Amino acid sequence: MPANITPAELQDLNQFLQKSSDIFYWQCTTRTVQESKLFPVNPYIALSYYNAWYRYPEIFRKIEAVMSPEELGARAREVSMSANAIMLGIIQQFYLGGRQFLLDMGMINPTDGIEDVKYVLDFAQRVNRSYHRQSGYTLNSDMNNRAQLLPERTLQVFEADALGCKPGDKLHTAVVKFLATASQYAFLKNCECRLGIHNSGPYKVGDKEMLVRDFVDLAEGDYPWLDGVASEIEHNNITLPVIMKDTHFNIVDDWGSFEATPSYDHDNMVAVGLYTSDYLSNGYIPVHMENASDMADYLDHMRDQMQRVTAELWKRMAGWSREQMIDAGLLVYYSVPKDLAHIAGVYDTNDWMLVEERVQRMRPLFNDEYGNFAIAELVGYISLSSQQESPYTMSKWSGQSSDMWSKIPNSVLNDDNYTASVGPIRGGSSALPPKTGKYTTTRGKLTQDEANALARGFTPSTIAGNFVNYDDQWVKYNAGTPEADALYRATQENSFQIKGKGSMLRADDVAALRRW
């Protein structure tokens, strides 16, 4: 009998699959180098794709049973955490990577797991469309590689409350040093990948531009290898809105990386803020922003902490076996959607920090040579036999007769053979020590059960009730109404400069009130 999918659903599915194929090729061939002197990066990336294929369908259904993708995206948009443009934008990519490897091995057919594929790609589209509601796109790449994520009410607070700085002063010096140290630490704790660093923007601030810079999962939390080592780090997520003169950010891509014209130069930074937030916070919470000296001192304090933690983490990782390094990197990649489970209050470390039994059987294949070539063929050369198309075709970016992800044949609308699902998760294991520490949140250090219970009972004030549907388009026609003022005042609650000002502030008003 035909598969449980309509022609319209199949067309939508294959179009999103093709778009994902095109943009992932562009990203993998222009935006990154996948290698490390410490971690077997390509083997762990490849194995993470298999883990996503076998585990995402069941876990996403578990999340959606409690909270819709639309609400998940709406909540993620109000704060900075791991549920961001880079993490959400690669859900379907990692999942489809596992599918493509199995297709090429002849272990599955392109019609296998069709209801899972339909569900996971639909879930990914829905959460991304909600998260990117402000721009009206699904991914940053759809907007010519701009990341216009935040509403006006949040950006007004960032602009007004930012503290001025100039090259050589105490705050400017502290910011530059902190950014360097935080980047190094974030890279290491994420097993030498940049998933812990995110940027959004650019946002116009008069004749200047704002880039919102995020560092996530910094403290004890989801990753077991940070237990004990990162206990002194106070904030799990840190956000720095940075306002730059004489700089245009011409690319802020799906991976949260940027390019600027002229090249990014710290000397062009004129103002900066410092915030923390997460799935339990009412928006962004200022961190030591009373004055420039206080912020500079705290940035130096965090930098010193991160330097100590980095040194201890190097020692811990130096004692790891190759299998432990693979597992850690695999789990960082595979767990990119984990904060959706935190938002919904159904987070379980066994869902996110274990390797599926069916993935473990692939492990013996992935020595460095095989892992390196497998990833190179899959996402670079697009040379796997399963990726080849008619010789008459020319792919979007490379002009080759091949595409990264294989589409689902229309024959499933007839009576072609297919399977619906990969079935339930078949347990899991890891060579790493299990999670033992608590989770660092804006409500303190919590157990898994405590964090889940708080999340299930919490709705941010800015999306409570009708507020969830009051976007900038609505505000444009309703500014000054009691409802609009209440929404803006909820966002302004922690602001130093515009608390209680409501929804009628124009750009000139904010400029007159700002601290720089």
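Derivation of every value follows stated rules applied to the coordinates shown; laboratory data play no part. Note that the structure is a prediction, hence the values are computed from the model and not measured. A quick note on method: Cβ atoms are made from the backbone with ideal geometry, for glycine too, and the neighbour counts reach across all protein chains shown.
Between the listed residues Pro40, Leu365, Ile91, the Cα displaced farthest toward the positive end of the dipole of the chain, a dipole computed from Cβ unit charges relative to the Cα centre, is found at Pro40.
Shown for Leu103, Leu88: other C-beta atoms within 10 Å of each C-beta, ranked fewest to most, produce the order Leu103, Leu88. In whole Å, what is the distance between the alpha-carbon centres of region 301-359 and region 155-232? If we compute the Cα centre of each part, the gap is 19 Å.
For region 355-473, the Kirkwood hydrodynamic radius comes to 20.7 Å, computed from all pairs of different C-alpha atoms. By the Stokes-Einstein formula, at 1.002 mPa s and 20 °C, region 57-170 with its Kirkwood radius over alpha-carbon pairs has D equal to 131 µm²/s. Pairs of Lys residues in region 85-225 that lie 8 or more places apart, or on two chains, and have C-alpha atoms under 20 angstrom apart add up to 4. When you restrict to C-alpha pairs under 8 Å that are six or more residues apart and normalise by the size of the chain, the relative contact order lands at 25 percent. When the alpha-carbon atoms of region 300-351 are used, the pair Rg, Dmax equals 14.7, 36 angstrom.
Report, in degrees rounded to the nearest 10, the 0 to 90 angle that the Cα long axis of helix 91-105 makes with the longest principal axis of the chain. With rounding to tens, the tilt is 20 degrees. Listed by Cβ neighbour count within 10 Å, with the fewest neighbours leading, Tyr347, Tyr264 appear as Tyr264, Tyr347. Against the chain, whose longest principal axis comes from its Cα atoms, helix 170-189 is set at around 20 degrees. Computed over region 230-370, the convex hull of the alpha-carbon atoms projects to a mean area of 12.6 nm².
In straight-distance terms, cross-link reach from Lys315 covers every one of the aspartates and glutamates whose alpha-carbon lies under 18 Å from its own, apart from those fewer than eight places away in the same chain; here that gives Glu192, Glu220, Asp227, Glu232, Asp304, Glu323, Asp327.
At most 11 other Cβ atoms within 10 Å and a DSSP loop assignment: could you name the trypsin sites (Lys or Arg not before Pro) in region 317-372 that fit? Walk me through the intermediate numbers first.
Details: sites: Arg322, Lys338, Arg358, Arg361; in loops: Arg361.
Answer by residue number: Arg361.
Dimensions of region 124-250 from C-alpha coordinates, computed as largest minus smallest value along each principal axis and given longest first, are 44, 43, 24 Å. Using the Cβ-Cβ distance between Glu290 and Thr30 with R0 set to 35 Å, the FRET efficiency works out to roughly 0.25. Candidate cross-link partners of Lys499 among the aspartates and glutamates, defined by an alpha-carbon separation under 15 Å and a same-chain spacing of 8 or more, comprise Glu152, Glu159, Asp161, Glu290, Asp485, Asp509.
A dipole drawn for region 241-377 from +1 and -1 charges on Cβ atoms has a positive end, and of Gly273, Met353, Val242 the residue lying farthest that way is Met353.
Once both axes come from the Cα atoms, what is the angle between helix 152-161 and the longest principal axis of the chain, in degrees from 0 to 90, rounded to 10? Tilt relative to the chain: about 50 degrees.
Can you give the convex hull volume of the alpha carbon atoms of the chain per residue, in Å³? Walk me through the numbers before you get to the answer.
On the way: hull volume 75.8 nm³, N = 516.
Convex hull volume per residue, Cα atoms: 147 Å³.
The Kirkwood radius of region 416-487, taken over pairs of alpha-carbon atoms, gives through the Stokes-Einstein law at 20 °C and 1.002 mPa s a diffusion coefficient of 123 µm² s⁻¹.
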